[in-house]
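The values are calculated or read from the model by the stated rules, or taken from the named source; none is laboratory data. On a predicted model such as this, the values are computed, not experimentally measured, just so you know. Methodologically, a virtual Cβ is constructed for each residue, glycine included, from the backbone with ideal geometry; neighbour enumeration extends over all protein chains shown.
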Amino acid sequence: MINLSASVLGVAAMASTLFACSSQQQESPMKAKVEEYAHVELKSDLVSGLNDKEKELVKIFFQVGEITDNLFWKQTFGDKSKLDTITDPYAKEFAMIHYGAWDRLDNNKPFLSGYGEKLDVCNYYPHDITAEEFEAFDDANKDSWYTVIRRNDDGSLKSVWYHEAYAEEIGRICALLEKAVTLAEDPGLKNYLEKRIEAFKTDDYLASDLAWMDMKDSKVDFVTGPIESYDDMFRETKTSYESFVLLKDEARSKDLAKFVSMLPALQKELPCAPEYKTFVPGTSSDLNVYDAVYYAGDCNAGSKTIAINLPNDERVHALKGTRRLQLRNSMKAKFDKILMPIGELIVTPEQQKYLNFDAFFWNVTFHEVAHGLGVKQTINTNESVDAVMGTEKTSWEEAKADILGLFMLKWVKLQTLLPKMPLLLILQVFCVRYVLVLHRHTERLI
Ligand SMILES: [Zn+2]
């Protein structure tokens with residue numbers, strides 16, 4: 001059976017244990033920090049639409065997810081069992097929420113003594129490496145998304161592929177995914193899983209990313225692998241393992257389908273000179289609504305992701321675009337537990353009627369659409385904009401997505417394709433979202 005109300009909860013499950021603690025433990029300075037987190041039960045009515053094989057698949061994906069969760073600990077913290085020595089249960093729970101000793105929602109401020117500042121290099125690189133040493137290291141794979149940098153016995157640097165560095169875990173992941181392949185009935189899902197196994201084994205993810213783009217009809221989706229590079233603050237290239245298990249909301253996805261065909265037209269409408277908008281987004285990009293039933297690894301650290309725009313590989317963007325997945329049950333929880341309380345504080349009472357979940361939904365949805373558009377190559381040298389932006393790329397990309405998202409909403413409304421939704425509602429919610437972002441210093445929270 002799929003237990004969607006226990007294994008997926010993470011924060012909520014931990015917190016209920018804490019409330020049973022003695023009064024002595026409740027005096028912990030970490031108690032207030034843990035209680036900043038709202039408890040939400042991740043549920044999905046969509047489970048009832050799954051057949052027995054799909055439910056079996058979900059269970060296997062949970063198991064793969066657990067392995068990627070442990071890999072993420074290894075990549076960004078090290079030996080997770082070190083935390084077993086923490087006697088303050090609140091401090092321990094906070095460390096579990098943040099996957100380490102540093103508060104991810106407070107600029108990685110250390111909250112456990114003895115661990116120091118979070119290293120920019122995490123465990124992707126030798127802890128004592130310098131920027132100069134890395135620059136001087138002559139190796140074609142040193143900036144690969146899928147290599148770690150280690151030292152040879154003589155102290156010199158070497159690149160090691162993830163599938164070699166984490167061979168034991170990758171072996172277990174692939175064995176589980178082989179089982180999943182035999183259960184998968186949807187041809188798109190089957191093809192993706194087969195190619196993903198190869199990707200885990202070789203660290204060449206392109207074919208499986210393309211197969212994931214072609215996976216249009218599966219009710220169960222499984223995003224898994226080394227994907228985002230948020231934790232590599234040294235080079236912003238090394239990717240962290242994570243897994244999402246998602247169930248497709250087919251009815252709501254149909255409502256969104258009409259926007260996909262509009263992407264090339266939207267790109268042409270961008271308010272900039274023509275030479276900056278020659279990139280043509282792939283028309284097989286899709287925009288769908290899901291319920292999230294499991295988070296593991298990177299996407300579960302600190303805050304929960306509520307919208308996904310993947311793959312990150314620009315070669316896939318050019319060939320097929322990206323897929324945008326809106327995680328509706330998580331979005332609704334964030335709206336109820338975070339956005340509304342802030343809105344009630346900062347929005348004048350007569351305007352609070354403009355705070356509604358649908359406005360939030362559209363705001364976040366178009367933020368994601370905006371990630372897929374814009375300038376991808378420099379106009380003078382045809383280089384990747386991401387590569388040229390270097391460590392500045394993430395901040396500017398998020399700022400672009402926010403502003404461009406609002407611009408596009410206005411344009412879409414002019415085309416009268418959006419359901420009756422006063423723009424004021426969306427702008428109001430955008431403002432509340434921004435207060436939240438500024439307070440938390442992180443886009444990922446929302
Ligand atoms: Zn974003």
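If you go through region 19-39 one residue at a time, how many are at pLDDT below 90 and surrounded by 18 or more Cβ atoms within 10 Å (Cβ to Cβ)?
Qualifying residue count, region 19-39: 1.
Could you tell me which of the residues Glu66, Glu41, Glu56 is touching a residue at least 24 places away in the same chain (Cβ under 8 Å), over 21 Å from Ser303 (Cα atoms) and out of contact with any Phe, Trp or Tyr (no Cβ under 7 Å at 6 or more places or on another chain)? Show your work before the answer.
Numbers: Glu66 fails: over 21 Å from Ser303 (Cα atoms); Glu41 fails: over 21 Å from Ser303 (Cα atoms).
On inspection, the qualifying residue turns out to be Glu56.
Hey, which of the strands (runs of 3 or more DSSP E) in region 224-343, taking only ones fully inside, have at least 2 residues that are aliphatic (A, V, I, L, M), under 20 Å from the mean Cα position of the chain (by Cα) and closer than 22 Å to Glu398 by Cα? Talk me through it step by step, then tell me what you get.
On the way: elements: 240-248, 286-297, 307-310, 323-327.
It comes to 286-297, 307-310, 323-327.
Residues in region 85-99: is at least one in contact with a strand residue (DSSP E or B) (Cβ under 6 Å, 6 or more places away or on another chain) and under 30 Å from Leu246 (Cβ atoms)? Write out each step before concluding.
Initially, region 85-99 is screened for residues in contact with a strand residue (DSSP E or B) (Cβ under 6 Å, 6 or more places away or on another chain), giving none.
Within region 85-99, none of the residues are in contact with a strand residue (DSSP E or B) (Cβ under 6 Å, 6 or more places away or on another chain) and under 30 Å from Leu246 (Cβ atoms).
Which residues, counting only those in region 114-145, are modelled with pLDDT of 95 or more and among the hydroxyl-bearing types (Ser, Thr, Tyr)?
Within region 114-145, Tyr124, Tyr125, Thr130, Ser144 meet the criteria.
Which of the following residues is buried (at least 24 other Cβ atoms within 10 Å of the Cβ) and away from the ligand (no atom under 14 Å from the Cβ): Gly302, Gly297? Show your work before the answer.
Numbers: Gly302 fails: buried (at least 24 other Cβ atoms within 10 Å of the Cβ).
Exactly one residue qualifies, and that residue is Gly297.
Check whether at least one residue in region 262-285 is within 18 Å of Ser330 (Cα to Cα) and of a type outside the set (Lys, Arg), and report yes or no. Explain how you work it out, then say what you get.
First, pick out the residues of region 262-285 that are within 18 Å of Ser330 (Cα to Cα): none.
No.
Could you tell me whether region 107-115 includes any residue that is among the aliphatic types (A, V, I, L, M) and in contact with a Ser or Thr (Cβ under 7 Å, 6 or more places away or on another chain)? Talk me through it step by step, then tell me what you get.
Quick first cut of region 107-115, residues among the aliphatic types (A, V, I, L, M) only: 112.
Then drop every residue that is not in contact with a Ser or Thr (Cβ under 7 Å, 6 or more places away or on another chain), which leaves none.
No; the residues of region 107-115 include none that is among the aliphatic types (A, V, I, L, M) and in contact with a Ser or Thr (Cβ under 7 Å, 6 or more places away or on another chain).
(1) within 25 Å of Phe366 (Cα to Cα); (2) touching a residue at least 60 places away in the same chain (Cβ under 8 Å): which one isn't true of Asp232, the others all being true?
Every listed condition holds for Asp232 apart from (1).
If you check Ser243, Ser253, Ser261, which single one turns out to be free of Cβ contacts under 8 Å to residues at least 60 places away in the same chain and surrounded by 15 or more Cβ atoms within 10 Å (Cβ to Cβ)? Explain how you work it out, then say what you get.
Details: Ser243 fails: free of Cβ contacts under 8 Å to residues at least 60 places away in the same chain; Ser261 fails: surrounded by 15 or more Cβ atoms within 10 Å (Cβ to Cβ).
The match here is Ser253.
Do we have Val364 as within 15 Å of the ligand (Cβ to nearest atom), at pLDDT below 75 and either of a type in the set (Val, Ile, Thr) or loosely packed, with under 12 Cβ neighbours inside 10 Å (or both) here?
Numbers: within 15 Å of the ligand (Cβ to nearest atom): yes; at pLDDT below 75: no; either of a type in the set (Val, Ile, Thr) or loosely packed, with under 12 Cβ neighbours inside 10 Å (or both): yes.
In short, no.
What residue, among those in region 381-409 that are within 11 Å of the ligand (Cβ to nearest atom) and closer than 17 Å to Tyr276 by Cβ, is farthest from the chain's Cα centre (by Cα)?
Among residues in region 381-409 that are within 11 Å of the ligand (Cβ to nearest atom) and closer than 17 Å to Tyr276 by Cβ, the one farthest from the chain's Cα centre (by Cα) is Leu404.
Do we find a residue being more than 24 Å from the chain's Cα centre (by Cα), surrounded by fewer than 15 Cβ atoms within 10 Å (Cβ to Cβ), more than 15 Å from the ligand (Cβ to nearest atom) and not aliphatic (A, V, I, L, M) anywhere in region 372-380?
yes
Given (1) touching a residue at least 24 places away in the same chain (Cβ under 8 Å); (2) over 21 Å from Gly78 (Cβ atoms); (3) in contact with a Lys or Arg (Cβ under 9 Å, 6 or more places away or on another chain); (4) surrounded by 15 or more Cβ atoms within 10 Å (Cβ to Cβ), where does Val181 come up short, assuming only one miss?
(1) is the only condition that Val181 fails.
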